[in-house]
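Where a number appears in this text, it was derived from the coordinates with a stated rule and is not lab data. The model shown is predicted, which means the values in this text are computed figures rather than measured ones. Virtual Cβ from ideal backbone geometry, glycine too; neighbours counted across all protein chains shown.
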Amino acid sequence: MHVNFDGLNKSGINREVLALSLGRFGDGIGNSILFIIIPLYVADLPAPLFSFSETVRAGILVSMFGLVAGLSQPFAGMLIDRLNRRKPFIVGGLLLLCGATVSYNFVHRFYLALVIRALQGLGLALTIPPTLALLNKSSKQSSRGGTMGVFSTFRVASLAVGPLLAGLIHDHFGFSAVFYTGAGCILIGALLVQWWVKEVRDLQIQAFPIWDRRLFANGMPALGFATFVMAGSFAMIAPLEQRINIHLNESPTIFGVAFSALMVARIMVQFPLGRLSDRKGRKLLIVAGLALLAVATLFIGWVAAPWQFITLRIVQGIASGGIAAPVFALAGDLSRKGSEGRQMSVVTTGFALGISMGTLFSGILAVYFLALPFLAIGFMGLIAAVMVHRTVPETIQKTRIKNLSRSEN
């Protein structure tokens, strides 16, 4: 089937972008399927070496994925820059994720599940930096916000579909069917990338030492901190479900609605806000998104009714839509040719660590009082907004000024 992308290129959509986004969609479903299955699965696994409660073991298993993925991504970025190859890492990482997901069917001890979870994190680390590097190379600066908006929309949609699919399959067919379904979705993503995506190699690049500080200038650490705060803000409620349900005197259904409300809101606004960043600039949207996210997160700690909780989660979704695509696009604008893997891994590492650390620290801080984790991450959001405002340059405005000067001459 031939698809004509000519009319979509101006919005940042082409065959490579669509294939990479669909590949991420498949991998996202395969991974998010495990979100609600792992706590159930852990309960059936003997753990003689880990004398912790079932909930603690589930938390360790969930956090292991994000922790390994986050810490491994900078090294994956260095490797793809050094070898000047991207597509093999994406396909290889997806196949590792696929194989690890199938392997859960043969696990009979908790420590083996821990090893497999770490392998899944490594597979993700091999996939994300080269994916964003190829997205960067497959897009133009004038439409890169739209490109990243499409990619982020598919990613968030997969997080909404996966848990729902997992629940339905588990209830009717059991654990094995869930693992095989997740692996199948990841495999489809790998095949789409293999068939549709072309490898892009740099012929002439400026060589930089592995840890050259110039690669992490122009506010790149601030963008990484922004994604850390964003991910932590919407993941932090996961371990607080029971506390929030008791506080609101509501059933888990309301919590599920609130959890999904953020993702639905972000799906609706992600692409339009990405395109808006192509026209109006990226930095303003990021700073505004961080400020709005911070305020919404601060207030969640004091919600007194379900409608307030759901409304604030919707606001969080809109705010994160103003952060994600513009951050990835701005990181792409600032990346140096041949070093995209290392530089863009800064923002992807921030996201992975935000998911992992957000859930971990919220559970710890909530021991003192429920509003404390929301206060902490809210103030971190305000700090991130100030950091981006003060250290990150605006790329779209500079480009327009240059183009205007050329036209006048």
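So here's what we get for this one:
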quantity	calculated
Calculated from backbone phi, Karplus (6.51, -1.76, 1.60) coupling profile of segment 364-374 in Hz, x at Gly/Pro	6, 5, 5, 4, 7, 6, 4, 7, 4, x, 6
Value at 222 nm in deg cm²/dmol, rounded to 500, when DSSP H runs of n ≥ 4 in the chain each add -39,500 (n - 2.57)	-26500 deg cm²/dmol
Value in Å of the Kirkwood radius, where the chain supplies the Cα pairs that are averaged	21.5 Å
Net charge contributed by nearby residues that have their C-beta within less than 10 Å of residue 85 (K/R +1, D/E -1)	+2
Cα lying deepest toward the dipole's positive end in the chain, options 325, 242, 40, charges on Cβ	325
Rounded to the nearest 20 debye, dipole of segment 11-198 from Cβ charges on Lys, Arg, Asp, Glu	800 debye
The chain: most fluctuating residue of 299, 173, 234 per GNM, C-alpha cutoff 10 Å	173
Along each principal axis, Cα extent of segment 212-409, largest first, Å	67, 33, 24
Whole-number D in µm²/s for segment 11-198 (Stokes-Einstein; Kirkwood sum over Cα pairs; 25 °C, 0.890 mPa s)	145 µm²/s
Leading residue at positive end of dipole, segment 212-409 (Cβ point charges), from 290, 396, 386	396
DSSP loop GluC sites (Glu not before Pro) with at most 16 other Cβ within 10 Å excluded, longest remaining stretch of the chain	1-198
Residue among 343, 194, 316 with the largest mean-square fluctuation in a Gaussian network model of the chain, springs linking Cα atoms under 10 Å	194
The chain, relative contact order in percent, only Cα pairs under 8 angstrom and at least six apart counted	26 percent
Nearest-20 debye value, the chain charge dipole, Cβ charges on Lys, Arg, Asp, Glu	1480 debye
Translational diffusion coefficient (Stokes-Einstein; Kirkwood radius from C-alpha pairs) of segment 55-148 at 25 °C, 0.890 mPa s, in µm²/s	171 µm²/s
Gaussian network model of the chain, springs between alpha carbon atoms under 10 Å - residue of 252, 221, 373 with greatest fluctuation	252
In sequence order, calculated HN-Hα J values of segment 174-190 (Karplus, 6.51, -1.76, 1.60; Hz; x Gly/Pro)	x, 5, 4, 4, 5, 5, 5, 5, x, 5, x, 4, 5, 4, 4, x, 5
Under-19-angstrom lysine pairs by C-alpha in the chain, whenever the two are 8 or more apart or on separate chains	20
Extended-chain gain in nm, criterion 0.36 nm per residue less alpha-carbon gap, residue 367 and residue 175	65.9 nm
Positive minus negative residues near residue 32 (Lys, Arg vs Asp, Glu; Cβ under 13 Å)	+1
